[in-house]
Structures are given as C-alpha cells and as structure tokens.
Amino acid sequence: MKSTESLRRKTEEYAVGEIMGILAGDPEKHIRRLVDLAQHLAIHPEHKQAVATVKTYVDQQLDGDLPAPLRTLARGLRQSSPACRTKLAMNALVNGTWNARATRDRILEEQGFYPPSIMLMSPSMRCNLSCSGCYAAQYTKKDDLPYEVMDRVLREAKELGIFSVILLGGEPLVRPDVVDLIEEHDDMAFMVFTNGTLITPALAERFSAMGNAVFSVSIDGLKRQHEARRGVGTFDRTIQGLRSLREAGVPYGFSTMVTRENCEDVIADEFNDFLVEEGCLWGWHFLYMPVGRDADPSLMPTPEQREMLRQRGAQYIRSRKELFVIDFWNDAPYVGGCIAGARRYFHINANGDVEPCIFAHFATHNIKDVSLAEALSSPFFSDIKSRQPYDDNLLRPCMIMDHPQILRDAVAASGAHPTHEGAEVLLGEFAPMLDAYAETYRPIADKAWHEILAKRPQEPSRSAMAS
C-alpha cells in the first residue's frame, strides 16, 4: 500500500513539475492552457466551480494585455526556482486542495467537524528585534514549542487534510531546527513570516533546494517608517534578506503592520513600486491590534483610515501593480467574513495553546495535552463558528475590532483562559474603547457595504457566505 502511494505521489509530482516548467517558459502563452487542464482534472463540484470562475476571468482578460494579477503570476513563475515551482504547486494545490478535500469530507462524516485548510503555528516567541507595539518580546528558549510536539502536530494535521502551514512568532528563524522541520515535512507547503534579517545567502539556497517554503517579510514602509518601529539598521538587513531569496529563486512577499502613523505611506505608489522592484510577489496588510503585553491602542488605524484602505489599499494596488496585496479586514467579503476558530484557520502558540486567531489570545485546549482533532472540535471553536459571519455587513468581520462582544461572550461561554500576559485587557480595560471604536466604524462600513450591494444585486445569502 505504501509503495503504491509513493508511486502515485512521484507520478503526480513529475507531472506537476513538467506542467510548471512549461508554464514558466512562457507564462503569458500557457496560462489559458493550464486553466483548461485544471478544468479537465477537477472532480469535486467545488473545485469545478472554482476553476470555471478562473477560466471566465482568464478568457475575458487574455483578449488584451495581461491584467496585473496575471502579470504578477507570470513574474513569480519566472522568478522561482524549478524546485520551488514544483513543490509548492504539488503541496499546496494537489496535496492540500485536490487530494485533501476527500479527507476533510471523511473527517466531517466520522468525527462531526470539518477541518480547516490552514494551520498557523508559532515555534517561538523569541525575536532578534524589539519592535514598538509588538507582543513578541521578553521570551526565552524555555518558552519555545518543543520540536517533537511540532512534528507530531504536523503529522496529525496531514491526517486531517491540512497541508498548508504558516509559521510565525516571534521570529521563526531564531530556531535553526525550524528549517529541519520544514525539510522533514516536504509534502506540506509552508509560509514563513519573518523580519528577514536572519536570511543569509546560504540559508536561502537551502530553502531553494527544499522547494516547499515561501516567505512573507515584515516591511513597515520605506526606510524612515520601517526603522521608526523596528530600529536603526534593520531596513538594510531586511532588504538584503529579500535579495538573498530572490537570488536563490525562493518566492516571497511582504507583510506590513498598518498603524495610524504609517497608513498613508504603505498604500503610496512610492512604497509599492519599491516592493515590486525588490521582487515581492504578494503582500499582507494587517491592522495593528491592541493585544498582548504593552499594547498601544493609539496605534490602531482610525475608522476613517480603514475606509481609505478599502478604497486605495489592497484592491487598488493589486489591480494596478504586479503585487497581489491582501487586506485581512477589507477583503473579508471574498471569504464570507471572519475565518478564525478553525473555520479556515487557527493558531497554535509557542506554549501549545490552540487559539482561534493570531490576535485572539484565548484557549481552552493545549496541543501538548490533546490531539489536534480534539482541539479543533472544541466547544470554544464551535461557538465562534456558529456565530459567523457576525454581521450581514462583511466589511465588519472582526470579533475584536468590530464585534468585541462576540469575543467576550465566546470566552465566557467556554471558560477560555488568556494565553498571553495582557490578553485579558481586551475583555476589561480596553472593552469600552473597542465598543466605541466599533460603533464609530459601523456607519462608515454600512455606507460602503450598501454601495457594494448596489453594484452586486445577486449577493449570496448570509448562510451561503458562511458555508
């Protein structure tokens, strides 16, 4: 049985490698051919529908010049090493999407819950930097998640159909054995969130040979803005890390913590053109959240800035530049609102606590004591999922910033405990501030949502969006 499975996997990987090689040779010419092949191979109705949507988009766009998202894809294919192209497509698409769907369906039938497709894990909360407003500070090696625990969790994840893993921290690369972990699980796709300062040419070459990891590197603006938060000298070290990845053919993007102070700067043409020139393929806009030790609510983008981000941020950038930027809040309508609580993803922190969200530092289970399946089927997660989406307005998706009472109720109902020092301020000290913030943002978001609905009269129902 194992030999048959191994042969099947090798055959699939060979086929994927051939396809990716052909596609990378002339992406503009072969994108439509790849979509046609995917349509032929799709079996599950959900996959067929997804491919049909992509095919419609491609057919409409390829009559003229390639639109920005497809130019970004073409550049990424050319920029990536053969090993990275093959492994990432194989692990994320074939293992994690095509083949894993049957596994997740079986888990739902046998165990009564549907596993998410993405797992977030923080191997360590240690970091080689000390950035203002960050909760990852003052940790030591004794606070790290043991290697054997991470290895077990990854094996259990694959048994549940989870093949995409995001590693965070702290700084994941302060632990050399994290690289060993990624190499050991070469059938999974990893995204490593890093400050980039520890990426050397030798390390980048090792990741290129492995092929199953990409990087999202923290860049909070051009040099002045970046170093105001992360320290003098950090910008040049981070950019050197990017260049090492590019030279080795490892795909990468950026991650920006959007604050009240840098909001206008990170959506400016100058910054995003710089990121494209430096080889970034994607980016994440994360709003500053007042969580953890020494949280500073004054860094939160204002409700008016959130609306500015919606109008001139991620969607505007990805439609005009070779940079696929994602806004975790304003892009929520594309995924039906909040995806936390194991609806689409969850987080295991460095202590082993299984949290619903990277920002919601509360848990009822610890992975050192229970199986991954038991943690994912917890009443805490079930309660959160039962409330999603929290509002018909999907521009208000967050149970911390937009519906803080949801988090308070879910924690109280499940008896969840704080997992980081300072987490409890969301439920107490900061509660009035968060309530006021949510009420101030409500009319702004409602106006924007009504404008969106007016342009899309066939808006899916709330129940459909939550499924």
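The values are calculated or read from the model by the stated rules, or taken from the named source; none is laboratory data. Nothing here was measured: the structure is a model prediction, and the numbers come from that model. Quick reminder, even Gly has a Cβ in these numbers, built from the backbone with ideal geometry, and neighbours come from all protein chains shown. Heads up: the accessible areas ignore ligands, DNA and RNA and are worked out on the full protein's heavy atoms, side chains in. Shrake-Rupley method; radii C 1.70, N 1.55, O 1.52, S 1.80 Å.
Odds and ends about this structure:
- Theoretical ellipticity at 222 nm over the chain - DSSP helices of four or more residues, -39500 (n - 2.57) apiece, nearest 500: -14500 deg cm²/dmol
- With a Förster radius of 25 Å applied to the C-beta separation of V335 and V276, the computed FRET efficiency comes to 0.50.
- Expressed as a whole percent, the accessible surface of the chain that belongs to carbon and sulfur atoms is 55, based on a 1.4 Å probe.
- Shape category assigned to the range 289-348 from the gyration tensor of Cα positions, a/c cut at 1.5: oblate
- Relative contact order %, the chain, counting alpha carbon pairs below 8 Å whose residues are six or more apart: 14
- With the whole protein complex present, Y316 retains an accessible surface near 50 Å², based on a 1.4 Å probe.
- Volume in Å³ per residue [convex hull over Cα atoms, computed for the range 72-215]: 132
- Anisotropy class of the range 262-318 from Cα gyration tensor, a/c 1.5 cut: prolate
- Residues whose placed amide H lies under 5 Å from that of H365, excluding near-sequence neighbours: V354
- Gained length - Q240 relative to D26, 0.36 nm times residue gap less alpha-carbon distance: 74.1 nm
- Taking every protein chain into account, the accessible area of the chain amounts to 43 square angstrom per residue (probe 1.4 Å).
- Checked against a 32 Å cut-off, the cross-linked pairs K29/K87; K321/K385; K87/K368; K385/K447 give Cα-Cα distances beyond that limit for K321/K385.
- When each of the peptides 262-270, 447-455, 332-340 is scored by how many other beta carbons lie within 10 Å of its residues on average, the order from highest to lowest is 332-340, 262-270, 447-455.
- Peptides 174-180, 254-260, 215-221 ranked from most to least packed by the mean count of surrounding Cβ atoms within 10 Å: 215-221, 254-260, 174-180.
- Treating r as the C-beta distance of R260 and E110 and R0 as 56 Å, the FRET efficiency rounds to 0.70.
- By average C-beta atoms within 10 angstrom, highest first, the peptides 420-427, 366-373: 420-427, 366-373
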